[in-house]
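The values are calculated or read from the model by the stated rules, or taken from the named source; none is laboratory data. Everything quoted here is computed from the prediction, not taken from an experiment. Cβ: placed from backbone, ideal geometry, glycine included. Neighbour counts: every protein chain shown.
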Amino acid sequence: MRAWSSSIRLHGAAHPHAGAPRRVIRPDLWIALLRVVVGAWFVKAVWTKLTLAYLWDVIPYPTVSPRFVAFHPKRVAEFAAGNPVEWYKEFLERTVLPHSGVFATLQTFGEVAVGIGLILGFATGLTALVGLVLSLNYGLASQWMSFGQQGFHVMLVTSMIVFLLARAGRTWGLDGLILSRSGRRWLRLLM
C-alpha cells in the first residue's frame, strides 16, 4: 500500500519518504516540450490560411489565402452575434468587421510568427507576448460558445504566460544559443 501524502501513516508509522522534497526532474525540459507542442498547434492552425503568391511569376512568397480573407468577416460576425462581453462585442463589430482584411492578415502572420518562434525557441519572450494577445482575443471572441472553448483558451493563455515568464526558449531553443554567445543584455528582454 502506498501513502498518497506525508500526512497518511501506514500501520502507525510515518511514510518512509515523508518530509523528503519531491522535485520535478528538469522542469525546463518539460516547459520546452510544451513550448514546441503549442508552437506546432499554431503552425497547424495557420496552415490553411496561407497560400503562395509569385513576384514576377517567379519568386514565391507567402500571403494570406483569399479564401480565409473572405471567410474572416463571417466568422467575426458569428463571434460578435451573441458575445456577452459588451465592450469586446463592440470592438468586433466596430473595429474588426470593417477592417476584416487587415485583421485576417495580422492574425495569419501573427500565428506564423508565434508558431515558428515557439518551435525554434526564438525571441520567446516577444513570441509568447504576441501569442498571449492572440489567445486572449480568441478566448474573448469564443468563450461564450462552449465550455470546451473556455477551457482550451484558458490553457493557451496560461501556457503563453508560462513561456513568457520562464523564458522557455533558453532550453532547447535558439534563445539559449544566442544568449550564450552574445554579451548583449538587452537581448534578455526579448528572449
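What the table shows:
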read-out	value
Tabulated pairs, region 114-131, first free of Cβ contacts under 8 Å to residues at least 24 places away in the same chain and over 10 Å from L190 (Cβ atoms), second in a helix (DSSP H, G or I) and not acidic (D, E), C-beta under 7 angstrom, 6+ apart or interchain	V130/G110; V130/A113; V130/V114
Residue count, region 178-191 (criterion: loosely packed, with under 15 Cβ neighbours inside 10 Å and part of a helix (DSSP H, G or I))	5
Residue in region 73-87 that is nearest to N137 (Cα to Cα), counting only those that are assigned to a loop (DSSP other than H, G, I, E, B) and not hydrophobic (A, V, I, L, M, F, W, C)	N83
Of residues in region 131-177 being touching a Ser or Thr at 6+ places or on another chain (Cβ under 7 Å), in a helix (DSSP H, G or I) and not aliphatic (A, V, I, L, M), the one farthest from G82 (Cα to Cα)	D175
Among the residues listed as S100, S135, the single one being touching a His at 6+ places or on another chain (Cβ under 7 Å), free of Cβ contacts under 8 Å to residues at least 60 places away in the same chain and under 18 Å from V37 (Cα atoms)	S135
Residue, nearest to Q150 (Cα to Cα), within region 82-91, restricted to residues that are in contact with a Leu (Cβ under 9 Å, 6 or more places away or on another chain) and at pLDDT 95 or above	Y88
Residue within region 17-29 that is under 30 Å from I116 (Cβ atoms), modelled with pLDDT under 90 and assigned to a helix (DSSP H, G or I) present	yes
Test: residue in region 182-191 that is modelled with pLDDT of 85 or more and of a type outside the set (F, W, Y)	no
Among residues of region 65-97, those that are without any contact (Cβ under 8 Å) to a residue 12 or more places away in the chain, of a type in the set (F, W, Y) and closer than 14 Å to L50 by Cα, counted	1
Subset of region 126-173 (residues that are over 30 Å from E90 (Cα atoms) and crowded, with 17+ Cβ neighbours inside 10 Å)	F163, A166, R167, A168, G169, R170, T171, W172, G173
Residues (surrounded by 15 or more Cβ atoms within 10 Å (Cβ to Cβ) and either assigned to a strand (DSSP E or B) or under 20 Å from the mean Cα position of the chain (by Cα) (or both)) located in region 42-71	F42, V43, A45, V46, K49, L50, T63, V64
Residue list for region 140-159, restricted to those being without any contact (Cβ under 8 Å) to a residue 40 or more places away in the chain and within 12 Å of the chain's Cα centre (by Cα)	F152, H153, V154, M155, V157, T158
